[in-house]
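The values are calculated or read from the model by the stated rules, or taken from the named source; none is laboratory data. Predicted, not measured: the structure shown is a model, and the values here were computed from it. Because the Cβ atoms are built from the backbone with ideal geometry, glycine has one as well, and the counts that use them run over all protein chains shown.
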């Protein structure tokens, strides 16, 4: 299937000349005519003195569909009621649209704002709220949609857009399956096994090609000890269509080859943390992004859980040899995470830099993932909690990193999914007081902003709760799927009073 971002010269001209202020708009447009016909018209007309690129685009393309439910926010109503209404506002239904959208077979929830499609890791946190709301049918729809993508594309892409197909996002599918299993029983896990195994195959693709001379293949890295851990990657080394101009401009500032810059930008988009000083070689310079050199602690914790889930599913299905294989893989990964991501001097889990064979010195919220998945020993967990309390906990919740780089996944911003991972991770080690304090500060901030603006936001300024969050490639979005989900879950767990 052809898409607008494959139009090359026309696409480049539209993006570089900013016919649309937001670079995501043009890739999401609907062509009025076959793309080949539009391209031929552009080729024949672009050199004429009277040619106007803006007029040409509006003559040949329709803007992305806008969804106006007519819903008006009443900030005087309880936030829970607001979210219940928002589920319907954010629901999209199967549609064959002549655009970059990959059609899905079942309804789904979008994050909101400029994000008009389903997003992979967002959906788990959205599903937490759907479960609180009793919307199990929608949870099933979303799990089934991701299985559809795994079977038809070979993996779950960043979002259901053709231009996202070269990458995935943090692999939360196993957690979605287990969440649905809580409501519908063990058959959910057994039925999902083929899809879970295909997703695992995607992340482990190329393992047989690893060697001492070829230590990095796709999303895999062979480490000096012989352990194999994962990194983020993308199949392409070209500018992201949805951020084409920004990527070109950044490549011009960098001393790295453009293809290397583009690959790293795409890989950072796969991480979900797009963007953060966590991925920069000097901690603060965007053009020095080098995520493909990094072993991310959170990614490998998620894959450890996927291996555990596959072991459990195979056992339920009566495949004891398969269960033993995945159990062994999970044990090896856990040991490798401890070796390469536990920094005793920092008392925290960190990323590992394969370019220098050293720990990254960034203290980030990714370090709570080993607690969430029960990887940490009790002593390490207590040290993580101490750092979390002393350095990352702010007045509105936990800040994503300690560095204020201007990127949206840095200070002073906090994000719903990371608050949830921290709270549940602390609870797993019986540190209930700190868990509750994080959750209650987050609830208070969310409700405060809602009462002031009538909106639930994509991210929040947790350092100065009187300011809205900022940074990143686009304005702060409202809606917002994962904020809604985590807030509902926290309110159920802790109530709304501090």
Test of understanding: among 381, 336, 330, which residue is assigned by TED's automatic domain parsing to the domain that holds residue 401, outside any loop (DSSP other than H, G, I, E, B) and crowded, with 19+ Cβ neighbours inside 10 Å?
381
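Condition check ((1) modelled with pLDDT of 95 or more; (2) surrounded by 24 or more Cβ atoms within 10 Å (Cβ to Cβ)) across all residues:
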position: 409; (1), (2): yes, yes
position: 427; (1), (2): yes, no
position: 458; (1), (2): no, yes
position: 473; (1), (2): no, no
position: 482; (1), (2): yes, yes
Among (1) assigned to a helix (DSSP H, G or I); (2) crowded, with 17+ Cβ neighbours inside 10 Å; (3) modelled with pLDDT of 95 or more - the single one residue 137 does not satisfy:
(2)
Within the group 84, 117, 80, which residue is part of a loop (DSSP other than H, G, I, E, B) and surrounded by 13 or more Cβ atoms within 10 Å (Cβ to Cβ)?
117
Does residue 98 count as closer than 25 Å to residue 152 by Cα, assigned to a loop (DSSP other than H, G, I, E, B) and modelled with pLDDT under 95?
yes
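When the residues of the stretch 165-187 are narrowed to those that are touching a helix residue (DSSP H, G or I) at 6+ places or on another chain (Cβ under 9 Å) and without any contact (Cβ under 8 Å) to a residue 12 or more places away in the chain, which ends up farthest from residue 116 (Cα to Cα)?
187
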Restricting the stretch 385-407 to residues that are free of Cβ contacts under 8 Å to residues at least 60 places away in the same chain, buried (at least 17 other Cβ atoms within 10 Å of the Cβ) and under 23 Å from the mean Cα position of the chain (by Cα), which is nearest to residue 276 (Cα to Cα)?
392
Is there a residue being in the same structural domain as residue 492 (by TED's automatic domain parsing) and either at positive phi or not in a helix (DSSP H, G or I) (or both) anywhere in the stretch 431-447?
yes
